[in-house]
1. Please determine, by comparing only the residues of the range 134-158 that are hydrophobic (A, V, I, L, M, F, W, C) and under 12 Å from the mean Cα position of the chain (by Cα), which one is farthest from Y67 (Cα to Cα).
2. Strands (runs of 3 or more DSSP E) wholly in the range 11-109 with at least 2 residues that are in contact (Cβ under 8 Å) with a residue 12 or more places away in the chain and open to solvent by less than 10 Å² (accessible area, probe 1.4 Å) - which ones?
3. Suppose we keep only residues that are of a type in the set (D, E) and in contact (Cβ under 8 Å) with a residue 24 or more places away in the chain within the range 153-209. Which one would you say is nearest to R91 (Cα to Cα)?
4. Taking the stated definitions as given, is L115 in a strand (DSSP E or B) and surrounded by 15 or more Cβ atoms within 10 Å (Cβ to Cβ)?
5. State all residues of the range 120-130 that are in a loop (DSSP other than H, G, I, E, B) and either in contact with an Asp or Glu (Cβ under 7 Å, 6 or more places away or on another chain) or farther than 12 Å from S150 by Cβ (or both); if no residue qualifies, say none.
6. Residue by residue through the range 169-186, note down the ones that are at pLDDT 95 or above and either hydrophobic (A, V, I, L, M, F, W, C) or closer than 25 Å to Y67 by Cα (or both).
7. Could you name every one of the strands (runs of 3 or more DSSP E) located completely within the range 152-225 that has at least 1 residues being of a type in the set (A, V, I, L, M, F, W, C)?
8. Looking only at the range 1-10, how many residues end up being assigned to a strand (DSSP E or B) and either of a type in the set (G, A, S) or open to solvent by 70 Å² or more (accessible area, probe 1.4 Å) (or both)?
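The values are calculated or read from the model by the stated rules, or taken from the named source; none is laboratory data. Since this is a predicted model, take the numbers as computed values, not measurements. Neighbour counts are summed over all protein chains in view; Cβ atoms, including those assigned to glycine, are modelled from backbone coordinates with ideal geometry. Note: areas computed on protein heavy atoms with side chains; ligands, DNA, RNA excluded. Shrake-Rupley method; radii C 1.70, N 1.55, O 1.52, S 1.80 Å.
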Amino acid sequence: FYQNVFGSYVEACHGGDGSNEYIHAIPAIRMPDTCIEIENSAFSGLDSIRTLILPNNLQKMGNDAFYSCDNLQEIYVPEQYEGQCGDSVFRDCLKTAKINVSEKNKKYRTINHMLFSKDGTTLLWVPSSIENVVIPENTKVIQSNAFSYSKVCEVSIPASVEKIENNAFLECAYIRDMSLSQNNKVYKQDGTCIYESDSKRLVLSMVQNHKLTISEQVKIIPNTR
């Protein structure tokens, strides 16, 4: 359990976002540039904010700092910020469509409104309201929780991807179509399953028509994915 800045308890694992009638009516947050840290769940449950501009001197954000801000649509990350970002901070912000990072930021960048490592090789987070995602060529890693709890429906994975981390697609209940480039050397797709070419270990699987069909090519079903 944590508390937000208004003193309401937050328990994210069971959907307790700390919102109440007073918090729900707050339309905006204005933080001074003297702010260097936002702690766990500090602004959870602020249902009315639409745009978030983080302070220029911010160094750290805790887990679920903006958990379940239901109408948050745009996020602006300043030049200096190099702390954790993405799903761990903005979990269940289901209307978020854009995360914009300063071009001078040394750790992060934005590609097609998605959060990437500065070199563009690691996909870190896809804002939750983006439904059709074409992962750019040159992406090598899809980080854990990159798509977690999102509304993504369609995903296209390029040949360049070399690693899909555990739980990258955790709780993605809306996926109806996945496509993997046939030129990918690490993974293969058979029907609704994507698996590792060498080990035959299942990486992703998709439910269609209320059925989960595991490819006959799959030899290992892991306990997390």
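1. I142
2. 74-77
3. Within the range 153-209, the match that is nearest to R91 (Cα to Cα) is E165.
4. Working: in a strand (DSSP E or B): yes; surrounded by 15 or more Cβ atoms within 10 Å (Cβ to Cβ): yes.
Taking the combined requirement at face value, the residue satisfies it.
5. Matches in the range 120-130: G120, T121.
6. L180, V186
7. Result: 154-157, 177-180, 193-196, 202-205.
8. Total meeting the criteria: 3.
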